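So the structure is just underneath, and the comments pick up after that.
Each value in this text was obtained by applying a stated rule to the coordinates, not by laboratory testing. As the structure is a prediction and not an experimental result, all values here were calculated from the model. In this analysis, Cβ positions are derived from the backbone assuming ideal geometry, glycine residues included, and neighbour counts consider all displayed protein chains.
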Amino acid sequence: MSPSLNRIESDGPPPKAADTVVIGGGIIGVAAAYYLAQRGRSVALVEKGHVGAEQSSRNWGWCRQQLRARQEVPLARESLRLWEDLQSDSGTDMGFRRTGVLFLTKDPAELASWGRWAEMARKEQVHSEILDGNEVARKLPGNAEGWLGGLWTPSDGRAEPSLAVPVLASAARNAGVTIHQGCAARGLELERGAVAGVVTEQGLIRTASVILAGGAWSSLFCRQHGIELPIGLVNATACRTSPAPEIGPGAVGTDGYCVRRRLDGSYTLALRGRGTVEITPDLIRYSRQFLPTYLERRRGLKVRFGAEFFRQLTRGNAGRGDAPSPFEKTRVLDPEPDPSLSQQALAVFTASNPGLEGLQIAEAWGGTIDSTPDAVPVIGTVDRVRGLTLATGFSGHGFGIGPAAGRLAAEIACGERGFVDPSPYEYSRLVDGRKLRPPAAF
């Protein structure tokens, strides 16, 4: 089932032309559209379903720098500043609060690795603290477990996925962006290897600049134009509990549960690193690139062969003409949640916090995470198609770093260097033969 999400109205038919067309109405696409409009560009945002309906409303709502890969730390740090600015500038509560993030462990090796991460992060102006067991107990007085220690980042925060993207989309509209929901982009109109327009189900939009922020759909969209984009899909599960007392400051992550306090007093609850990988033709196509990642993370992954394999075989290619495309056949990806994961997380969470006895799961949902082989997003141009900027493959990190990632995509689409070095996110690393794997543990 889909989690709750505030809905916004669509504008009328898409314009005949725009300086930039943004494909995808998740947080990355909406943020990119917002920052493009801030630069005085005319922007049309097209979304096959409705704004924020896929992973942008299905994530945990964490806005963290903590334990990010070195490549992502600058984006995470800037995003926290932008979250504050966006909430202030919009005049509407997005649920953003700097309440901190606390990871807990009983493993000395893991705690030591967190210490090495904290040393690295300090050089990036992120100040995290290693806590011993007594310090953890003072932060979580109702917790019954004996933790060896933890990693605490007080400057990290949280936001409400059901509110944030719709609020940002409204701010983008106020800045001049037109938003077109139920309007799938079928493909690109190309002239001599450059973008000349976007073909949508409601007609052609002339443009020389496109930002593709299509999440799980980006690889299929690219392939019709001869662009190989290795994206793996993982179906994850999260849930919302009934309202309960607060256990301590900020979001808390352990091997047994990860929780984030919601504005209504309930918790978003999930398991870290757990999910289901569907065997599909796309997965087989990119199996070589993803094998190192799978071997490293297989403990938390279920592998399933089922109906999705045959759906991909029969869905055909994305179209560029008048015929309906796969993007119109599935407006919103809504995978079934895995109830065993929610129940497991709930059991460990309540056992660890006896004051929460009787806590119930109010609703659970599934979401599809678009992942790259090295778990670092793609934000950059594609030589094969001039005028196309990719902003995808956020590997479960997109919500928290979304504001800065969208800003960087907007800057690149405008021909700017970018406020951070964009080279770690370049597209070419995925296809030039280099060996990719998730960043090593610290």
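Overview of values
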quantity	calculated
For peptides 225-236, 23-34, sequence by mean Cβ density within 10 Å, most packed first	23-34, 225-236
Which of G226, T237, Y257, positive extreme of dipole for the stretch 209-281 (C-beta unit charges)	Y257
Protection proxy ranking of 243-249, 393-399 - average other beta-carbon atoms within 10 Å, highest first	393-399, 243-249
Estimated [θ] at 222 nm from DSSP helical runs (n ≥ 4, -39500 (n - 2.57)) normalised by residues in the chain, nearest 500	-9000 deg cm²/dmol
Proximal charge balance of E278 [Cβ under 10 Å; K/R count +1, D/E count -1]	+1
Amide H contacts under 5 Å for F96, placed H, 5+ residues apart	E160
For the chain, size of Cβ-based charge dipole, Lys and Arg +1, Asp and Glu -1, in debye	720 debye
Overall form of the stretch 64-144 per C-alpha gyration tensor (a/c, 1.5; a/b vs b/c)	oblate
Karplus 3J(HN,Hα) series, Hz, for the stretch 349-359 with 6.51 cos²θ - 1.76 cosθ + 1.60 (x for Gly, Pro)	4, 6, 5, 6, 10, x, x, 9, 3, x, 4
Within-11-Å neighbourhood charge of D264 [Cβ basis; K, R +1; D, E -1]	+2
Inter-centroid distance (Cα atoms) of the stretch 1-45 relative to the stretch 235-253, Å	30 Å
Using θ = phi - 60° and Karplus 6.51 cos²θ - 1.76 cosθ + 1.60, couplings along the stretch 141-146 (whole Hz; Gly, Pro as x)	x, x, 7, 9, 8, x
Sequence-distant residues sharing a close amide H with V22 (under 5 Å, placed H)	A44, L45, V46, I211
Alpha carbon Rg of the chain, scaled by the compact-globule rule 2.2 N^0.38 Å	0.94
Total formal charge among the other residues, if their Cβ is under 10 angstrom from that of V167, Lys/Arg +1 and Asp/Glu -1	-2
³J(HN,Hα) computed for each position of the stretch 44-52 - Karplus, 6.51 cos²θ - 1.76 cosθ + 1.60, integer Hz, glycine/proline x	10, 10, 10, 9, 5, x, 9, 4, x
Placed amide H near L188: partners under 5 Å, 5+ positions off or other chain	V199
